[in-house]
Amino acid sequence: MDNFGYIGIFLILSIGFAATMILLPVTLRLLHIVPRKPNPTKYTTYECGMETIGKSQVRFNFRYYYFALLFVIFDIQVVFLYPWAVELSQLKLFGLVAMMVFVLIIMVGFVYAWKKGVLKWK
Amino acid sequence: MGMDIAFWILAVVSVASALAVVLTRDLFRAALFLVLCFFTVAGIYATLSADFLAGAQVLIYVGAIGVFIIFAIMLTRDSRQGSPSGRLRLPALFIGFLFLATMIFALVNTDWNVVAEVPTESTTSAIAHAIFSEDGFVLAFEIAAALMLAAIIGAIVLVRDK
């Protein structure tokens, strides 16, 4: 239970770090430490990158759906793997075989998706 | 004391982000606020000593459902601005408040069984023993695998281009 306290402290520190990084240039600008010399290049989205083409909000290819679907299935598998992995040393062979059967059944679906060419990008 | 502070931060952030989901016009930002709401609910589970539930909440809701909602928005054309509010706005508000009143009434009038001692045991190992030990729910666990297999194959068959 104490570990969640560490996660909480870590979260607070990371939020504080991000907020500091954002507020630092703003504060220095307000204190007139940073000079203000604007030019058009400075205000482009990617100053050193390529010129952007079109809108940023485009409709994505429908084929991403398969990857999202397979991700959700394996995400649910991880929910079962997590308590199993924590207690594997006490569950002995029976727990190992039970998880093997579980993973094998889901792998049938993975192999089916593979054979049907779902994972191939056409 | 620390638990109280953590609970109040999480509660305020979760309610604020839930309101932001409803009030934000940009659909994508609303989805991101929904993910934040799921995350703070996971934190509330953690303060209630339900460590496995918190982990499952992060994996399933923040991971899978959050990704799926964002996918649904990205795959849909011109849905970023949300649907324009129609004539159902006032009835929806009324039903929402009715539901809230019912929930508050039920919460206040329920006789909650409160255990005096603090649960210290890790729930994850208890769940692991309940599922994977020899007198556990191994059959139900394997049937869940068969259900997930059916979900994979069914979804692929339904949307595969001919």
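Quick notes on this one:
- 10 Å Cβ neighbours from other chains, averaged over peptide B:104-117: 0
- Summed over both chains, the accessible area lost when A and B associate is about 4400 Å², using a 1.4 Å probe.
- The protein assembly as shown: C-alpha pair distances exceeding 24 Å, %: 69
- Placing unit charges on each Cβ (+1 for Lys and Arg, -1 for Asp and Glu) gives chain B a dipole about its Cα centre, and among B:Ala31, B:Gly55, B:Gly2 the Cα reaching farthest toward its positive end belongs to B:Ala31.
- When you restrict to C-alpha pairs under 8 Å that are six or more residues apart and normalise by the size of region B:12-162, the relative contact order lands at 19 percent.
- Charge dipole (chain B, unit charges on Cβ, about Cα centre) - positive-most of B:Thr102, B:Gly43, B:Ile73: B:Ile73
- Heavy atoms of B:Leu75 accessible to a 1.4 Å probe, total area in Å² rounded to 10: 30
- Residues B:Phe137, B:Phe28, sorted by accessible area with the largest first, give B:Phe137, B:Phe28 [1.4 Å probe; ligands and nucleic acids excluded].
- Each residue was assigned an accessible area with a 1.4 Å probe, and for B:Tyr61 the value is about 90 Å².
- Accessible area of the protein assembly as shown belonging to carbon and sulfur atoms, whole % at 1.4 Å probe: 73
- Rolling a 1.4 Å probe across all protein chains gives B:Ile9 an accessible area of roughly 90 Å².
- About the centre of its Cα atoms, chain B shows a dipole size close to 1240 debye [charges on the beta carbon of Lys, Arg (+1) and Asp, Glu (-1) only; nearest 20 debye].
- Other protein chain Cβ atoms within 10 Å, averaged over every residue that makes up B:122-132: 6
- Pairs of lysines in the protein assembly as shown (C-alpha under 21 Å apart; 8 or more residues apart or interchain): 5
The values are calculated or read from the model by the stated rules, or taken from the named source; none is laboratory data. Keep in mind that what you see is a predicted model, and the values were worked out from it rather than measured. No Cβ is skipped: glycine too gets one built from the backbone with ideal geometry, and neighbour counts run over all protein chains shown. Ligands, DNA and RNA are excluded from the accessible area calculation, which covers all protein heavy atoms including side chains. Shrake-Rupley method; radii C 1.70, N 1.55, O 1.52, S 1.80 Å.
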